[in-house]
Amino acid sequence: MAQTPHDTASPLLGHDYGVLEISVVEGPGFAAALAASDTYPGGEAAWERETEQFSALLTAASRDYPRGELRMDTIEWDLDRITDAGARLMDRGGQQLTGIARVQDANGEPTIVGLCEAVHYSSDDDAVCELGLIYVLPEYRERDIGTALIGGTIARARAVWEDLETIYISYPADSPAARAITARIGAEAVSSTTAWQQLPSGDLPSGD
């Protein structure tokens, strides 16, 4: 899975590290690219660095993603888990695009700071897809990185899935950041749902 010719780069305003680059890769998540160190752009050193960065980004998303009052353990991601997740997605007939945001670190090296997933399943109508995980590291927020990630991923999705008309996105209702970014891209709320979680009896609140 190589980077697509639709990669874009634009100035990262308000940041000392230079440019923001949004690239969109095709395949089951980022797994195929991370699994091929011998053909990875930049060689093995870049492969090792970005494998670690992407794994850490997914772990941070698992830890920080708003879930209201739902209690969920943090998933510790690594290359094996990423590869397994990609294989399961393919088994379910899923095709995924992953938008990746990179900025230059203090040493001028590219650093992965955000991602946006778009997924289409073979069993779905060709006119629809869904945006999955959208996440930017906290220290890089409020710089329009999330908006750039969504825009780049959607543009690539429309090019890959030519019949695409409608894009769905689910987000936690109590997240101001999610509400702000969906409003910025012109998303319209069509439904809401409530998730319930059964807790162990020892975790239940005591009565009066």
## Note on the structure
Sorted by chain and number, the residues with a modelled amide H under 5 Å from that of Asp105, at a separation of 5 or more or across chains, are Thr111
#### Entry: Principal axes of segment 90-178: Cα extent on each, largest first, Å
45, 32, 23
### Task
Would you pull out the residues with amide H under 5 Å of Gly132's amide H, same chain only if 5 or more places away, H placed 1.01 Å from N?
Glu117, Ala118, Val119
### Message
Can you work out the Karplus-derived ³J(HN,Hα) for every residue in segment 92-106? Use 6.51 cos²θ - 1.76 cosθ + 1.60 with θ = phi - 60°, whole Hz, and x for glycine or proline.
### Response
8, x, x, 10, 10, 10, 10, x, 10, 9, 10, 10, 7, 7, 4
#### Entry: Per-residue HN-Hα couplings for segment 133-143 [Karplus 6.51, -1.76, 1.60; θ = phi - 60°; Hz; x = Gly/Pro]
5, 10, 8, 10, 3, x, 6, 10, 7, 6, 10
### Message
Could you derive backbone 3J(HN,Hα) for segment 147-161 from the dihedral phi with the Karplus parameters 6.51, -1.76 and 1.60 (θ = phi - 60°), listing whole Hz in sequence and x where the residue is Gly or Pro?
### Response
4, 5, 4, 5, x, x, 5, 5, 4, 5, 4, 5, 6, 7, 9
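Laboratory data are not the source of any read-out in this text; all were calculated from the coordinates shown. Computed from a predicted model, the values in this text were never measured in an experiment.
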